[in-house]
Amino acid sequence: LDPAGFTNVVGLAGLAPNENAVQFFKNVDFREFTFTFEVFEDKPGSKKADEIVKFFKKGMHPSAPAGTGILSFPDVFILQPKFVPVGTDGKPKAPKDHYLLPRSKSCALTSLQVNVTPMNTIQTTYDGTFPLVTVTVTFKELTALTKDDLEGGY
């Protein structure tokens, strides 16, 4: 928000802007969400960690349609934490939205960190895969959160 432009628009409406409020809302921070996953390769030749890393790598980079020279926007993510309740019979029920963790508005993946030595030693299986991989991802919302968003469950 440009303070000078805001002053002009408010002045046209016949109102006097509060310069302190304009300065306060000049740089509203967007929410960030960081998650860390530990992926254990439980079967020989399993490539779960590799698939997860590739999914996030592809999602955080733009694509370039052939011959256009124009980059498209990277993938947009919406985070909706869920949990699986367990019935009285001990069997899992259908997943439900988590009532304490906030869901997100549209997010971009801004950071991807992969650690193949979470115990500070290099270990591989006989086929060269890493048995334990730690993946940390950070998402940042693309728009600022408003009071109405909070009423909507964000």
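The values are calculated or read from the model by the stated rules, or taken from the named source; none is laboratory data. Only a predicted model underlies this, so the values are computations on that prediction, with no experimental measurement involved. Note: ideal-geometry Cβ built from the backbone for every residue, glycine included; neighbour counts use all protein chains shown. When the accessible area is computed, the model is the full protein with side chains, heavy atoms only, and any ligands, DNA or RNA have been set aside. Shrake-Rupley method; radii C 1.70, N 1.55, O 1.52, S 1.80 Å.
Worth pointing out:
- Within the stretch 78-111, restricting attention to residues that are touching an Asp or Glu at 6+ places or on another chain (Cβ under 8 Å) and in a loop (DSSP other than H, G, I, E, B), the residue that is modelled with the lowest pLDDT is Arg103.
- Per-region count, the stretch 122-150, residues closer than 19 Å to Thr36 by Cβ, polar (S, T, N, Q) and in a loop (DSSP other than H, G, I, E, B): 0
- Pairs are defined by a Cβ separation below 8 Å, a sequence spacing of at least 6 or placement on different chains, a first member in the stretch 80-92 that is of a type in the set (Phe, Trp, Tyr), and a second member that is surrounded by 10 or more Cβ atoms within 10 Å (Cβ to Cβ); the pairs so defined are Phe83/Pro95; Phe83/Lys96; Phe83/His98.
- Breaking point among (1) under 28 Å from Gly153 (Cα atoms); (2) modelled with pLDDT of 90 or more; (3) in contact with a helix residue (DSSP H, G or I) (Cβ under 8 Å, 6 or more places away or on another chain), for Val114: (1)
- Out of Thr88, Thr110, sole residue that is open to solvent by less than 100 Å² (accessible area, probe 1.4 Å) and polar (S, T, N, Q): Thr110
- Any hit, the stretch 120-141, residues being within 24 Å of the chain's Cα centre (by Cα) and among the acidic types (Asp, Glu): yes
- Within the stretch 65-84, the residues that satisfy the criterion of being open to solvent by less than 100 Å² (accessible area, probe 1.4 Å) and either under 27 Å from Thr138 (Cα atoms) or among the polar types (S, T, N, Q) (or both) are Pro65, Thr68, Ser72, Pro74, Asp75, Val76, Phe77, Leu79, Gln80, Pro81, Phe83, Val84.
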